[in-house]
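Laboratory data are not the source of any read-out in this text; all were calculated from the coordinates shown. What you see is a predicted model; the values in this text were computed from it and never measured. Here the Cβ positions follow ideal geometry from the backbone for every residue, glycine too, while neighbour counts run over all protein chains shown.
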Amino acid sequence: MLPSSTIRDLKTRIAGIRPAGPEVSIISMPCPEIAATARPGNFVNIKITSSDQPLLRRPFCIHNVDGERIEVMVKNVGRGTAMLCEAACGDDLLVLGPLGNSFGTDPEAFDAALCVSGGIGTAPMRFLETALADQGTPFHHLIGGRSRTDLLTAGLTNVSTATDDGSEGFHGNVVQLLEHHLASQKPDTRFKVFACGPNPMLKALARFCRDRGIPCELSLESVMGCGIGICYGCMVELQNADGQKESILLCREGPVINGERFTA
Ligand SMILES: Cc1cc2nc3c(=O)[nH]c(=O)nc-3n(C[C@H](O)[C@H](O)[C@H](O)COP(=O)(O)OP(=O)(O)OC[C@H]3O[C@@H](n4cnc5c(N)ncnc54)[C@H](O)[C@@H]3O)c2cc1C
Ligand code: FES
């Protein structure tokens with residue numbers, strides 16, 4: 001987790017909104033202090049200032065850092081996300097961040113990264129790609145969706161896709177695509193998997209990686225309130241090293257966890 005001294009609560013304005021897919025928008029906002037310290041996997045907790053409802057902020061992964069701006073990729077699933085997707089340039093926001101821990105990208109620990117995502121889970125992958133590319137680590141994205149319209153590939157390079165209905169890319173799910181992809185790779189390559197997406201996908205992926213001894217980190221979601229460990233609204237149950245159940249506050253100890261904790 002980031003030291004709390006790096007967390008800022010900034011009043012800012014929407015600088016740009018662009019569509020990224022059906023019901024999905026990318027929102028850009030100047031947040032210099034957050035942009036300066038954010039790491040891939042961190043999230044921000046956002047509130048549209050002009051409205052009392054919803055009362056609580058909503059958490060979003062940092063999708064991209066562009067100079068002093070940060071971007072979030074938002075899927076419209078309810079009241080708060082609808083307000084963000086329908087907001088206009090110039091609207092005031094409160095942005096708390098960077099929050100949570102980050103993906104472990106130490107280049108000594110692995111040779112190549114496999115970035116596996118499904119649906120809106122692709123949101124943190126652009127920032128991760130930038131960090132991997134900057135340190136010279138080879139990476140490949142494996143992106144899944146039910147159909148071609150669910151695939152969110154904007155701004156990414158080295159992408160393979162899978163769709164459940166076969167409308168684009170590999171016909172099957174993204175874990176099957178990963179298996180297919182690994183079959184064509186050099187067997188002595190030390191891969192590390194970074195993933196974000198729906199829980200059933202992440203669970204299947206975590207088991208796949210455990211069974212093959214591939215290190216794997218997952219970015220999980222839960223309902224959140226404060227985002228900083230005060231409200232206890234984000235408790236999730238994982239496994240500890242002994243296979244016992246253990247509850248953690250996802251906003252503090254996550255959202256990135258070791259995949260081995262998500263295999264039960
Ligand atoms: C660490 C973290 C990072 C996230 N990153 C992103 C991101 O980059 N892009 C993005 O679009 N979404 C992301 N989410 C999910 C996003 O926060 C929720 O979709 C949002 O809070 C829903 O708010 P709402 O007011 O629109 O929905 P509500 O009206 O509150 O609820 C609508 C529906 O969404 C469900 N829901 C509410 N909160 C969450 C949640 N936290 N996770 C999953 N489902 C939820 C509810 O159960 C309900 O079914 C992230 C969540 C977490 C915890
Ligand atoms: S969201 Fe409040 S404790 Fe985690």
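Only one residue of ASN45, THR105, ILE26 has its Cα farthest out toward the positive end of the dipole of the chain, where Lys and Arg carry +1 and Asp and Glu -1 on Cβ, and that residue is ASN45. Report the relative contact order of the chain, percent, no decimals, based on alpha-carbon pairs under 8 angstrom and at least 6 residues apart. It comes to 18 percent, rounded to a whole number.
The convex hull built on the alpha-carbon positions of the stretch 103-218 has an orientation-averaged projected area of 6.5 nm².
The base-10 log of I(q)/I(0) for the chain, evaluated at q = 0.11, 0.15, 0.16 Å⁻¹, reads -0.58, -1.11, -1.26 [Debye formula, identical scatterers on Cα atoms, solvent excluded].
Take the convex hull of the alpha carbons in the stretch 118-172; its mean projected area over all directions comes to 3.4 nm².
Electrostatic tally near PHE262: other residues with Cβ closer than 11 Å to its Cβ, Lys and Arg +1, Asp and Glu -1, net +1. I'd like the FRET efficiency for ALA264 and SER5, computed as 1/(1 + (r/R0)^6) with the beta carbon distance as r and R0 of 35 Å, rounded to 0.05. With R0 = 35 Å, the Cβ-Cβ based efficiency is 0.45.
Listing LEU218, LEU151, LEU156, LEU96 from fewest to most neighbouring C-beta atoms within 10 Å gives LEU156, LEU96, LEU151, LEU218.
Taking 0.36 nm per residue of sequence separation and removing the Cα-Cα distance, the ARG252/ASP164 pair yields an extension gain of 28.3 nm. The residues neighbouring LEU220, those whose beta-carbon lies less than 12 Å from its own, together hold a net charge of -2 under the Lys/Arg +1, Asp/Glu -1 convention. The charge dipole of the stretch 4-154, taken about the Cα centre with unit charges on the Cβ atoms of Lys, Arg (+1) and Asp, Glu (-1), comes to about 480 debye, rounded to the nearest 20.
Excluding the site residues themselves, the longest part of the chain lacking any GluC sites (Glu not before Pro) in a DSSP loop with at most 15 other Cβ atoms within 10 Å is 109-264.
The length gained on full extension between ALA82 and ALA133, counted as 0.36 nm times the residue separation minus their Cα-Cα distance, comes to 15.1 nm. Charged neighbours of SER50, selected by a Cβ distance under 10 Å, balance to -2 (K, R count +1; D, E count -1). For ARG146 and GLU179, a Förster radius of 25 Å and the Cβ-Cβ distance give a FRET efficiency of 0.85, rounded to the nearest 0.05.
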